[in-house]
Amino acid sequence: MIDLQGKKALITGAGRGLGRGMATGLYKAGAEIVILDILEDVFKTSAEMEENGAKVHSIICDLSNRENRIEGFEKALELLGGKIDILVNAAGIIDRFPAIDLPMETWDKVLEVNLTAVMDLSRLAARQMVPQKSGKIINVASMHSFFGGFNVTTYASSKGGVAQLTKALSNQLAIDGIQVNAIAPGFIQSFMTSHHEEDPELYAQLMSRIPTGRLGQPEDLEGITMFLASNLSNYITGTVIPVDGGYLVR
Ligand SMILES: NC(=O)c1ccc[n+]([C@@H]2O[C@H](COP(=O)([O-])OP(=O)(O)OC[C@H]3O[C@@H](n4cnc5c(N)ncnc54)[C@H](O)[C@@H]3O)[C@@H](O)[C@H]2O)c1
């Protein structure tokens with residue numbers, strides 16, 4: 001029932017990890033996609049997606065740089081033929097410092113990528129979506145949108161901000177047929193979480209809190225992304241949906 005044929009999507013941070021999983025859901029449902037990342041991995045990822053039948057373009061862009069990310073958005077729009085229906089803000093970075101030792105440059109950088117760039121790209125996309133009276137913005141929040149975490153001060157602050165930004169934007173854009181939602185992944189195997197597996201004690205602690213009994217995989221995000229990008233979710237906006245194997249309610 002989910003058909004995204006003819007839909008045009010931009011997914012940030014899609015060179016690997018969760019962004020890649022979310023982009024995969026979109027192309028499998030028929031959308032034409034632009035995958036954007038700071039890493040050269042994005043070219044290999046796009047070649048692999050193309051082999052699997054995706055209509056895919058790739059862009060290298062540093063979202064922490066304000067001019068560069070505007071250029072990246074404009075380039076994506078051009079590659080998509082001047083139209084954007086779906087924006088997925090998946091790029092993200094994490095800081096791991098006790099707050100008293102946190103370098104303020106790290107605070108600035110993490111907030112810029114995880115929160116400010118999400119706002120900026122959402123605003124640029126919404127300017128295209130408002131006149132067409134339709135659009136889907138899907139943000140990537142976190143369990144740290146709900147919890148404070150430990151020694152991840154900026155990350156937790158940024159992801160709390162993503163949840164609030166999702167609600168704030170959804171209120172303003174709903175009248176124009178645009179839905180803004182966030183997913184809050186639990187612990188998904190990726191570069192960002194690889195250190196969990198290297199620490200047996202931490203890993204055991206984590207696993208004991210996941211009722212589903214396994215870490216998530218980027219593929220676990222395909223279905224929710226397809227759904228939130230499709231007409232099936234047209235009356236759902238401003239939500240933060242956990243995709244966490246039950247972690248949050250344990
Ligand atoms: N893995 C998890 O368990 C988990 C849980 C909750 C939320 N998240 C969120 O999911 C998203 C993806 O994380 P992941 O776990 O796949 O990690 P990851 O490091 O594998 O992926 C993040 C991607 O973002 C890209 N990126 C980072 N900085 C960028 C920049 N300045 N400009 C452009 N691209 C940039 C990276 O190159 C990478 O491809 C992040 O927003 C993260 O906070 C992950």
The condition from (1) on the phi > 0 side of the Ramachandran plot; (2) touching a residue at least 40 places away in the same chain (Cβ under 8 Å); (3) exposed (fewer than 15 other Cβ atoms within 10 Å of the Cβ) that GLY213 misses is numbered (2)
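Starting from residues that are charged (D, E, K, R) and assigned to a strand (DSSP E or B), keep the ones in the range 1-60 and report whichever is nearest to the ligand (Cβ to nearest atom). Spell out the reasoning first.
Within the range 1-60, the first condition is being charged (D, E, K, R), and the residues that meet it are 3, 7-8, 16, 20, 28, 32, 37, 40-41, 44, 48, 50-51, 55.
Now restrict to residues that are assigned to a strand (DSSP E or B): 8, 32, 37, 55.
On the way: LYS8: 20, GLU32: 20, ASP37: 5, LYS55: 21 Å.
Out of the qualifying residues, it is ASP37.
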Going through the range 110-169 in order, the residues found to be among the hydroxyl-bearing types (Ser, Thr, Tyr), under 25 Å from ARG209 (Cα atoms) and part of a helix (DSSP H, G or I) are SER145, THR153, THR154, TYR155, SER157, SER158
(1) in contact (Cβ under 8 Å) with a residue 12 or more places away in the chain; (2) open to solvent by less than 50 Å² (accessible area, probe 1.4 Å); (3) farther than 25 Å from TYR27 by Cα all hold for SER170 apart from (3)
Reported set for the range 182-210 where residues are open to solvent by 30 Å² or more (accessible area, probe 1.4 Å) and among the aliphatic types (A, V, I, L, M) is MET192, LEU202, ALA204, MET207
Checked the range 23-52 for anything closer than 20 Å to SER230 by Cα and among the small types (Gly, Ala, Ser); matches are ALA23, GLY25, ALA29, GLY30, ALA31
Quick one: would you say TYR203 is among the hydroxyl-bearing types (Ser, Thr, Tyr), modelled with pLDDT of 95 or more and in contact with an Asp or Glu (Cβ under 9 Å, 6 or more places away or on another chain)?
no
In the range 61-75, residues that are closer than 16 Å to LEU87 by Cα and part of a helix (DSSP H, G or I) total 7
What do you reckon, is HIS144 open to solvent by less than 50 Å² (accessible area, probe 1.4 Å) and either under 17 Å from the mean Cα position of the chain (by Cα) or modelled with pLDDT of 95 or more (or both)? yes
In the set ILE60, ILE11, ILE38, ILE70, the lone residue that is open to solvent by less than 20 Å² (accessible area, probe 1.4 Å) and out of contact with any His (no Cβ under 7 Å at 6 or more places or on another chain) is ILE11
The condition from (1) open to solvent by less than 70 Å² (accessible area, probe 1.4 Å); (2) of a type in the set (Val, Ile, Thr); (3) more than 17 Å from the chain's Cα centre (by Cα) that ILE93 misses is numbered (3)
The lone condition GLN179 fails out of (1) at positive phi; (2) crowded, with 20+ Cβ neighbours inside 10 Å; (3) not hydrophobic (A, V, I, L, M, F, W, C) is (1)
Scanning the range 225-248 for residues that are in contact with a helix residue (DSSP H, G or I) (Cβ under 8 Å, 6 or more places away or on another chain), part of a helix (DSSP H, G or I) and within 24 Å of GLY6 (Cβ to Cβ) gives THR225, MET226, PHE227, ALA229, SER233
Taking the range 45-63 and keeping residues within 19 Å of the chain's Cα centre (by Cα) and of a type in the set (S, T, N, Q) leaves THR45, SER46, SER58
Note on the range 76-109: residues out of contact with any His (no Cβ under 9 Å at 6 or more places or on another chain) and part of a helix (DSSP H, G or I) are LEU77, GLU78, ALA99, ILE100, ASP101, MET104, GLU105, THR106, TRP107, ASP108, LYS109
ASN231: passes all of (1) within 14 Å of the ligand (Cβ to nearest atom); (2) free of Cβ contacts under 8 Å to residues at least 40 places away in the same chain but (1)
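The values are calculated or read from the model by the stated rules, or taken from the named source; none is laboratory data. Computed from a prediction, not measured in an experiment: that's the story for all the values here. Virtual Cβ from ideal backbone geometry, glycine too; neighbours counted across all protein chains shown. Remember, those area values only see protein heavy atoms, side chains included, never the ligands or the DNA or RNA. Shrake-Rupley method; radii C 1.70, N 1.55, O 1.52, S 1.80 Å.
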